[in-house]
Amino acid sequence: MTDTQKPVTDITTDYDIFAPDFIKNPYPGYTEIRESQCPIAHTERYEGSWLPTRYDDVVAIAQEYETFTSRQILVMPPAAGRSEGPYAAVGAPPITSDPPDHHWHRRLILPVFAPQAVAQYEPGTRDLCNALIDEFIDKGVADAASDYAQHIPVRVISKMLGVPLTMEDEFTDWVRGALENITDAERRIKSFRSIVEYFIGEVQSRAANPREDDFITQLMNTEVEGKKVPIEYVLGVCNLMLVAGIDTTWSAIGSCMWHMAQHPEHRKQLRENPDLWPTAVEELLRVYAPVTMARIVDHDIEFQGCPMKAGDRVLMAFPAANRDPRQFENPDEVILDRQNNRHVAFGSGIHRCAGSNLARLELRVALQTWLERIPEFELIDPSSVTWAGGQVHGPRKCMVKF
Amino acid sequence: MNMKVLLDYDSCHGHQMCAIAAPEVFGSDEIGNAKVLITGEIPAALHVKVRRAESNCPERAITIIE
């Protein structure tokens, strides 16, 4: 039997983040681990990993970047064959970088994602949300995940990168191959190579015909200490924009749509009090944090009584941390005006999600635009909703009627 | 009651939760890290917002002095 087929006996010593029940709803499992004698669980599945579930532990690990490195950041070990080929060294900087390179890897892209810089994408995002809604509003039914949420981040990112929107289906397929179907090694490698090859083409076309005011061109022309940045960095950032910017945000938008479909009282609250939007977005991010990242232990260490060895994988379950009752009152409840919310949906420490301001903007605009045009809607059949999970958690089919 | 805020810039990693909670007091610098907009006395009307900024910072980079 493969790792995904064996039944879980004890979740604290044998968890399976790809078990169907866990993919659908990981929160009861996180709670069981968090409140057990072993709040940092361990499994032998998928070559082994640790799973901290308490807020303080997850944050401490995120902060200790020298001990818990970002040599690998996926929840699964690299697929065999990943390290072959001319561009095998391409990562997704800065999330796959450690200091000292991490500093300039990150410094170069942060200005692009500062709040004042991403604000320019709000009108375009609103237009594209409206265009998506135009497609189905007269039908009275829609898939909030695959007709709506799924199309928003990929189009925003394509526009930002300066690549044609006609690549949407390919990008979506590659990103899903890289992040969602990661127990399928062959598809993972193929997806990664497709991404890198596509951007090699984009870089070459810009080298031949320089463009102005285009993100890839800007990256290619960036200099560090008087030298142009290496091509691997340019390709890596393009890879990052896809793998970190598409599946993640679409999952968050989808989860929030799923929530809103079931909570007329929250729709009403936001309609009657639009000032709630800033705290509401943070609260929804807390409760539906989509992303779990991984770290690789640098050297043998005992952490909270757990004997971690050099090379061990640690899963940074931000969704579990965000529902720790030690940090958040009534953690499973959505409180749109929650006052104390130190959530870590975007991580913590030097690897805080660089695109967080863009993600927030997309989430807010996607929800606002839908709620303005379709104020009342509900799930057609809650049991028919399907989910992705493991690395990124969110609905993939979510039929609603209105 | 008098109130001032201190930002530990080295701890700030640009979550921007402070600017969301208290946009009159916290903004964003070029790389999206926090920038304190009111370095002197914080007007009393903003005290509640500043406390929320402090209690929403995931990096605990804000200190309130009163």
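The values are calculated or read from the model by the stated rules, or taken from the named source; none is laboratory data. What you see is a predicted model, and the numbers here were worked out from it, not measured in a lab. For neighbour counting, all protein chains shown are included, and Cβ atoms are generated from backbone atoms with ideal geometry for every residue, glycine included. Heads up: the accessible areas ignore ligands, DNA and RNA and are worked out on the full protein's heavy atoms, side chains in. Shrake-Rupley method; radii C 1.70, N 1.55, O 1.52, S 1.80 Å.
Within the set of other residues whose C-beta is less than 14 Å from the C-beta of A:Gln120, count the net charge using Lys and Arg as +1 and Asp and Glu as -1. Each step should come with its number before you reach the end.
Values: positive: A:Arg126, A:Lys159; negative: A:Glu122, A:Asp127, A:Asp213, A:Glu362.
Taking every Cβ under 14 Å from that of A:Gln120, the sum is -2.
Explain nothing, just compute: Karplus ³J(HN,Hα) = 6.51 cos²θ - 1.76 cosθ + 1.60, θ = phi - 60°, for every residue of region A:289-297 in order, whole Hz, x for Gly and Pro.
Karplus values, whole Hz, x for Gly and Pro: 3, x, 10, 10, 10, 10, 10, 10, 5.
Based on Cα positions only, what radius of gyration and what Dmax would you give for region A:153-270, in angstroms?
17.4, 57
Which distance in Å, rounded to a whole number, links the C-alpha centroids of region A:1-67 and region B:1-63?
Region A:1-67 and region B:1-63 have Cα centres spaced 35 Å from each other.
So for region A:11-401, what are the equivalent ellipsoid semi-axes in whole Å, largest first, each being the square root of 5 times an eigenvalue of the Cα gyration tensor?
Values: eigenvalues 179, 165, 74 Å².
Ellipsoid half-lengths, sorted descending, are 30, 29, 19 Å.
Sum up the charges of everything whose Cβ sits under 14 Å from the Cβ of A:Ile109, counting Lys and Arg as +1 and Asp and Glu as -1, but leave A:Ile109 out.
Numbers: positive: A:Arg106, A:Arg107, A:Arg352; negative: A:Asp101, B:Glu30.
With Lys, Arg at +1 and Asp, Glu at -1, the net is +1.
Enter the mean number of other protein chain beta carbons within 10 Å of the beta carbon of each residue in A:346-358, as an integer. Walk me through the numbers before you get to the answer.
Working: counts 6, 3, 4, 4, 1, 1, 8, 3, 4, 0, 6, 7, 0.
Counting other chains' Cβ atoms within 10 Å and averaging over A:346-358 gives 4.
Determine the shielding of peptide A:271-283 by partner chains: average, over its residues, the number of Cβ atoms on other chains within 10 angstrom of each Cβ.
Details: counts 0, 0, 0, 0, 0, 0, 1, 5, 4, 0, 1, 5, 0.
Shielding by partners across A:271-283 averages 1.
Give me the accessible area per residue for region A:11-401, probe 1.4 Å, as a whole number in Å². Provide the component values of the computation, followed by the final result.
Numbers: 15680 Å² over 391 residues.
Per residue, region A:11-401 has 40 Å² of solvent-accessible surface.
Computed from the mean reciprocal separation of all distinct C-alpha pairs, what Kirkwood hydrodynamic radius does region A:225-273 have, in Å? Intermediate results must be reported in sequence, preceding the final value.
Details: mean 1/r = 0.0717 Å⁻¹.
Over region A:225-273, the inverse of the mean reciprocal pair distance is 13.9 Å.
Can you run phi through the Karplus equation (6.51, -1.76, 1.60; θ = phi - 60°) for region A:229-241 and list ³J(HN,Hα) in whole Hz, with x for Gly and Pro?
So the J values, rounded to whole Hz, are 5, x, 4, 4, 5, 4, 5, x, 5, 4, 4, 4, 4.
Long-range amide H contacts for A:Asp312: which residues qualify at under 5 Å (H placed 1.01 Å from N, peptide plane, sequence gap of 5 or more or a different chain)?
Residues meeting the criterion, in which the H sits 1.01 Å from N, are A:Val297.
Keeping all protein chains in place, calculate the accessible area per residue for chain B (probe 1.4 angstrom), answer in Å².
On the way: 3100 Å² over 66 residues.
Accessible area per residue: 47 Å².
Residues with amide H under 5 Å of B:Lys35's amide H, sequence separation 5 or more or different chain, H placed in the peptide plane at 1.01 Å from N; which?
So B:Lys35 has HN proximity to B:Gly27, B:Ser28, B:Asp29.
Can you work out the base-10 log of I(q)/I(0) for region B:4-65 at q = 0.14, 0.17, 0.18 1/Å, using the Debye formula on its C-alpha atoms alone?
Evaluating at q = 0.14, 0.17, 0.18 Å⁻¹ gives log10 I(q)/I(0) of -0.30, -0.44, -0.50.
Enter the accessible area of A:Met399 (Å², nearest 10), with the probe set to 1.4 Å and all protein chains included.
My reading of the accessible area for A:Met399 is about 70 Å².
Under the rule of -39500 (n - 2.57) per DSSP H run of 4 or more residues, summed and divided by the residues of chain A, what mean residue ellipticity at 222 nm is obtained, to the nearest 500 deg cm²/dmol? Display every interim value, and only then the final one.
Working: 17 runs with 185 residues, N = 402.
Using -39500 (n - 2.57) per qualifying helix, the result is -14000 deg cm²/dmol.
Compute the separation of the alpha-carbon centres of region A:253-302 and region A:133-179 and state it in Å as a whole number.
If you average the Cα positions of each part, the centres end up 20 Å apart.
Using Stokes-Einstein with the Kirkwood hydrodynamic radius over Cα pairs, what translational diffusion coefficient do you get for region A:72-180 at 25 °C and a viscosity of 0.890 mPa s, in µm²/s rounded to a whole number? Display every interim value, and only then the final one.
Numbers: Rh = 16.9 Å.
Translational diffusion coefficient: 145 µm²/s.
Which value results when the Cα radius of gyration for region A:167-222 is divided by 2.2 N^0.38 Å? Mind dumping the intermediate values first?
Working: Rg = 13.7 Å, N = 56, 2.2 N^0.38 = 10.2 Å.
Relative to the rule-of-thumb radius for its length, region A:167-222 sits at 1.35.
Net charge near B:Ser11: determine it from the other residues with C-beta under 15 Å of the C-beta of B:Ser11, scoring Lys and Arg +1 and Asp and Glu -1. Please report the intermediate quantities before stating the final value.
Numbers: positive: A:Arg342, A:Arg352, B:Lys35, B:Arg60; negative: A:Glu64, B:Asp8, B:Asp10, B:Asp29, B:Glu54, B:Glu59.
With Lys, Arg at +1 and Asp, Glu at -1, the neighbours total -2.
Taking all protein chains in place and a 1.4 Å probe, what share, in percent, of the accessible surface of the protein assembly as shown do carbon and sulfur account for?
Details: 10090 of 19760 Å².
After summing per-atom areas, the C and S share lands at 51 percent.
Nearest 100 Å², what total accessible surface is buried between chain A and chain B (probe 1.4 Å)? Could the numbers behind the result be given before it?
Working: alone 17590 and 4080 Å², together 19760 Å².
Summing both sides, the interface buries roughly 1900 Å².
Tabulate in residue order the Karplus-calculated ³J(HN,Hα) for region A:167-177, using 6.51 cos²θ - 1.76 cosθ + 1.60 with θ = phi - 60°, rounded to whole Hz; enter x for Gly and Pro.
With the stated coefficients, region A:167-177 comes to 7, 3, 5, 5, 4, 4, 5, 5, 5, 5, x Hz.
Considering only lysines 8 or more places apart in sequence, or on different chains, count the pairs in the protein assembly as shown whose C-alpha atoms sit under 23 Å apart.
Value for the protein assembly as shown: 9.
Can you give me the relative contact order of region B:4-65 as a percent, contacts being Cα pairs under 8 Å and 6 or more apart? Walk me through the intermediate numbers first.
Numbers: 104 pairs, mean separation 28.1, N = 62.
Reported relative contact order: 45 percent.
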